[in-house]
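A.B. asks: First the structure, which I've put down as structure tokens, then a few questions once you've had a look.
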Amino acid sequence: MFPFIEAQDPEVFDALMGEEKRQAEGLELIPSENYVSKAVREANSSNLTNKYSEGYPGKRYYGGQTYTDIVENIARDRAKKLFGAKYANVQPHAGAPANVAMYFALLEPGDTVLGMDLSHGGHLTHGHPVTYLTKVFNFVRYKMKNVETGEIDYDEMREVARREKPKIVLAGYSAYPRELDYEKFSEIAHEVGAYAVMDAAHIAGLIAGKAMKNPFEYGFDIITTTTHKTLRGPRGGMILTREDEALAKKIDKSVFPGFQGGPIMNAIAAKAVCFGEALQPSFSRYAAQVLANAKAMEAVFARRGVRMITGGTSSHLILADVYGSLGVSGDEAEKLLDEVGITLNKNAIADDTRKPMDPSGIRFGTPAITTRGLGQKECAQVAECMLDALEKRADGRALGEIRESVRELCAEFPIPDAFV
Ligand code: DSN
């Protein structure tokens, strides 16, 4: 593996091999991570990294675009097919740039966006004060009505929308594990003349695989997403427009030249390959299994009395209040589980009173372990291991045994090379 790097640059080679081993021998539960196929990796490291392609297929600023145009058109066509969209822009470098380009396409400085309260699962790019976005746009909030069930307060959303007149009503989260009532979202957005926009970064693969609802089927105007989470592609972003051509043109202009320069064409080739994989029947089976596996983990947490925000999950992720239930903080839990070979992330829970760097919760999910082939039985076993490790955190021998059982599970389920 990596023979040229090995010969030329042993320092980087060593780090890459260390990561190879870490990924092979540990269980990846960060819900926004996944393993890509070797085909996606080949495309991502292909000769297209040598090429500049500012513009769009058929309308570029540089010559030599015969093959970049072919690749980008394949990526766009497959993306449209996957999500039932009429237009796709596959050039955003990642999810945050996709959201920034979407805001600047739809808004004037000072305009208002109505999004989920950040402590209830929203994302930094949905208007966290640490981002530059809040210097330009005005962000107002809706929340969950009940954090034990995850029910969103649609009455409050409507009231705030009528009062604040947002130009965008934004759905989608990085730490909210339930399905949404998309019909209500688009009804409220369109009542006040706003666009209904979904940031599907986390669940794009589950939508594409038809395991979760598609917001476009409920009147949403735009979907932004990453391509590297449940969609199982290269690191990257994308913006889809359901049917409005004028809107799609604004998005294109906003991505380039408004915000980005040259597209990362090797990543676009990898997106094309990933979308090709996601169009196969095997991907729908994968998406359904991701959900079934999360349910299997939920059942163990519920049986062992650990509080889950929203009471459990209807998606790929679980947000557990480990401080409230087990007296171990999110940061301690993250570090402890890392030691036994289980990687996840600390996360604030709704209305958390602890600090962001040491919150009450952990966030974990099943996209990567499902790619590895684990089923419900093994996922339940992983959940038991997690809670055993947290409960027996003072018992070095018990932790050593858990580390060993994680290693055995990893050996039984190696990271696959291909999915189709
Ligand atoms: N870092 C991503 C996540 O883990 O949800 C979102 O930016």
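A.B. asks: Could you work out which residue, out of Met102, Met238, Met357, moves most in a Gaussian network model of the chain, that is, has the largest mean-square fluctuation with Cα springs under 10 Å?
C.D. replies: Among Met102, Met238, Met357, the largest GNM mean-square fluctuation belongs to Met357.
A.B. asks: Per 5 Å bin from zero, what fraction in whole % of the C-alpha pairs of region 265-331 is there, up to the bin with the longest pair?
C.D. replies: Here the calculated profile for region 265-331 is 4, 15, 18, 14, 12, 10, 10, 10, 6, 1.
A.B. asks: Another question, if that's okay. Highest mean first, what order results for 367-375, 147-155 on Cβ atoms within 10 Å?
C.D. replies: By packing density, highest mean first, the sequence is 367-375, 147-155.
A.B. asks: Let me understand region 1-79 better: what is its radius of gyration from the alpha carbons, and its Dmax, in angstrom?
C.D. replies: Radius of gyration, then largest Cα-Cα span, for region 1-79: 17.2, 46 Å.
A.B. asks: Strictly greater than 25 Å: what percent of every Cα pair in region 132-272 meets that? Could you put the intermediate results ahead of the total?
C.D. replies: Working: 3130 of 9870 pairs.
Everything past 25 Å amounts to 32 percent.
A.B. asks: Another question, if that's okay. Give me the mean projected area, in nm² to one decimal, of the convex hull enclosing the Cα positions of the chain.
C.D. replies: 20.4 nm²
A.B. asks: Ok, one more. Charges on Cβ only, +1 for Lys and Arg, -1 for Asp and Glu, centred on the Cα centroid of the chain; of Leu337, Gln376, Leu206, which one is farthest towards the dipole's positive end?
C.D. replies: Positive-end residue among those listed: Leu206.
A.B. asks: Assigning unit charges at the beta carbon (Lys, Arg +1; Asp, Glu -1) and nothing else, what dipole magnitude in debye, to the nearest 20, does region 176-327 show about its Cα centre?
C.D. replies: Numbers: 17 positive and 15 negative charges, 147 e Å.
That gives a dipole near 700 debye.
A.B. asks: What Kirkwood hydrodynamic radius do you get for region 8-127 when you take the inverse of the mean 1/r over all pairs of distinct Cα atoms, in Å?
C.D. replies: 18.5 Å
A.B. asks: Write down the percent of antiparallel bridges among all DSSP beta bridges whose residues are both part of the chain, to the nearest 5.
C.D. replies: Working: 21 of 37 bridges.
Percentage antiparallel, nearest 5: 55.
A.B. asks: Straight distance only, please: which lysines reach the Cα of Lys135 with their own Cα at less than 23 Å, same-chain residues fewer than 8 apart left out?
C.D. replies: In chain and number order, the partners are Lys143, Lys165, Lys167, Lys250, Lys253.
A.B. asks: Which chymotrypsin sites (Phe, Trp or Tyr not before Pro) from region 1-101 combine a DSSP loop assignment with at most 14 other Cβ atoms within 10 Å?
C.D. replies: Tyr61, Tyr62
A.B. asks: Right, another one. Among His93, Gly110, His126, flag the residue with its Cα farthest along the positive direction of the charge dipole of region 61-148, charges on Cβ as +1 for Lys/Arg and -1 for Asp/Glu.
C.D. replies: Checking the options against the dipole of region 61-148, the answer is His126.
A.B. asks: I've got another one for you. Which far-off residues, 5 or more places away or on another chain, put their amide H under 5 Å from the one on Leu27, with H placed in the peptide plane?
C.D. replies: Ile342, Thr343
A.B. asks: Continuing with the same structure: Return the whole-Å distance between the Cα centroid of region 230-265 and the Cα centroid of region 1-45.
C.D. replies: 27 Å
A.B. asks: Among 256-267, 90-101, how do they line up from the highest to the lowest mean number of other beta-carbon atoms within 10 Å?
C.D. replies: Result, highest mean Cβ count within 10 Å first: 90-101, 256-267.
A.B. asks: Further question on the same structure: Please give me, ordered by residue number, the trypsin sites (Lys or Arg not before Pro) of region 29-93 that lie in loop per DSSP and have at most 15 other Cβ atoms within 10 Å.
C.D. replies: Lys86
A.B. asks: When 1/r is averaged over all different Cα pairs and the result inverted, which Kirkwood radius in Å belongs to region 193-320?
C.D. replies: One decimal place: 16.4 Å for the Kirkwood radius.
Since every read-out is calculated from the coordinates, none of them should be taken as a lab result. What you see is a predicted model, and the numbers here were worked out from it, not measured in a lab. So basically every Cβ, Gly included, is an ideal-geometry build from the backbone, and we count neighbours across all protein chains shown.
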